[in-house]
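Visitor: Here you go, one structure.
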Amino acid sequence: MPKNPFYADKVVLKDGGVIETSDGTAIIEVDENGTPSIKADISEALAYGSIYIGDSAGVTSELAIGASGYVLTSNGTTAAWAEGGVPSGTTITATNDTSAGAILNFMHDSASPAEGDGVAAITGIGNDAGGDPLTYGGAIIGIDDIGAGTEAGFFGIGIAQDGVFDSSKINFAVYGGGGGFSAYDEGVEGVEMEYLHVTASIAANDKCASLLFGIEDTVADDIIGFAHMDIIASDVTQGAEEGELHFYLMSGGNNTSPTFTLQGDHITVQDNVGMAFASTNSITATSEGVAASGIDVVTYITTNGDQDEDNVTLANGSYQGQIKQFIVVAVGNANDSVSITPATMLGGTKITFAASPLGLGCHMLWNGSAWGITGNNGGTVS
């Protein structure tokens, strides 16, 4: 007994067979080689831009076109439209064995590249206080030099200020053409750069930061440091913290000892290094006594013109080898005299310059416990 065609388990099309509608429109056709093809134009059954998608039961349904800018994504089970972009935390993985690692390329295919052009940028966008998107900062790679054979780029970082991000104002940039970097800030406090050594166990003489100035010898594969600076936490006692700046200059093929050390109240200079500068202050001496600066190397003295002996006092030094110089640069009256009285002095208690002392003075050195007169022009030690 033949089967009811309305309940057939399968329909077999012989080579060259076809299933068609009553008006002769081919739906499925099998060619003479047994290759099937769908002939019906199913787009007429879908809304413009929509696609068919199947569910877990194998039932198809229409998936309408996504919003502008959306892309078709997969969660591993089904497909859906999602806003275009890269999900947070996306990782770019390199599976080859080259030393370059994972690479993400940005290409600006310009027919007329020019110096100052940006070729790639990455920006960070977040909501402001009103819930509106705001660009808070970004990084840009651009062209610093477009000359043939001298092409060079720059890398810049821009930060939003006062609620505005201006991509034409780069806060920090590193340049390949001629080297160097620059920093930019429109704020009243100017440019600020912080170098932080983060540690849970800070100790005296820890290094906070270091800057090296040198040349890389590409042939010898060596970096020659001609100068560098270290910032040292010399005292970390709470309430009494002190820092030091150590500046090293290459000399005799090495720069292992600081050329000079700058501390809070003095400068220490390496042996055999001369100083071409000295800090100064000016005072007007009185008979009651006026204290000279213990920080400045040179004190200029003016007598006050009362025709008696004016007095200048000097506190004990702060460090061994400290130098102090005095010179009388003006007299209020030719009968004025002036004396300098250190708190502690070797070989006496003061040095006095008699009446009309213009141009006279002395040189002192602190040996760690007292001031000594190491140079004297017209003074009398008593």
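Visitor: At q = 0.19 Å⁻¹, what is the log10 ratio I(q)/I(0) for the stretch 280-381, with the Debye formula run over Cα points and no solvent?
Guide: One equal scatterer on each Cα of the stretch 280-381 leads to -0.81.
Visitor: Moving on to the next point. When the scattering of the stretch 118-183 is computed by the Debye formula from its Cα atoms alone, each counted once and equally, what is log10 I(q)/I(0) at q = 0.19, 0.23, 0.24 Å⁻¹?
Guide: Normalising to I(0) and taking log10 leaves -0.72, -0.92, -0.97.
Visitor: For the chain, which span is the longest to avoid every loop-located (per DSSP) member of chymotrypsin sites (Phe, Trp or Tyr not before Pro) having at most 15 other Cβ atoms inside 10 Å?
Guide: 196-276
Visitor: Hey, could you get me the Stokes-Einstein D for the chain, Kirkwood radius over alpha-carbon pairs, 10 °C and 1.306 mPa s, rounded to whole µm² s⁻¹? Walk me through the intermediate numbers first.
Guide: Values: Rh = 31.3 Å.
The estimated diffusion coefficient comes to 51 µm²/s.
Visitor: Right, here's the next one. What's the longest bit of the chain with no exposed GluC sites (Glu not before Pro), using DSSP loop states and at most 16 other Cβ atoms within 10 Å as the test?
Guide: Working: sites that count: GLU32, GLU115, GLU151, GLU186, GLU189, GLU192, GLU194, GLU241, GLU288.
Result for the longest clean stretch: 289-382.
Visitor: In whole angstrom, note down how far apart the Cα centers of the stretch 62-99 and the stretch 348-382 are.
Guide: 84 Å
Visitor: I need the fraction of alpha carbon pairs in the stretch 49-179 separated by more than 21 Å, rounded to a whole percent.
Guide: Of all Cα-Cα pairs in the stretch 49-179, 65 percent lie more than 21 Å apart.
Visitor: Now, a different point. Can you give the longest run of the chain that contains no trypsin sites (Lys or Arg not before Pro) sitting in a DSSP loop with at most 10 other Cβ atoms inside 10 Å?
Guide: 15-382
Visitor: Would you please give the residues with an amide H less than 5 Å from that of ASP308, counting only those at least 5 places away or on a separate chain, with H modeled from the backbone geometry?
Guide: So ASP308 has HN proximity to SER337.
Throughout, read-outs are computed from the coordinates displayed, never taken from laboratory work. Remember, predicted model here, so these are calculated numbers, not experimental data. Heads up, the Cβs are rebuilt from the backbone with ideal geometry, glycines too, and the neighbour counts pull from every protein chain shown.
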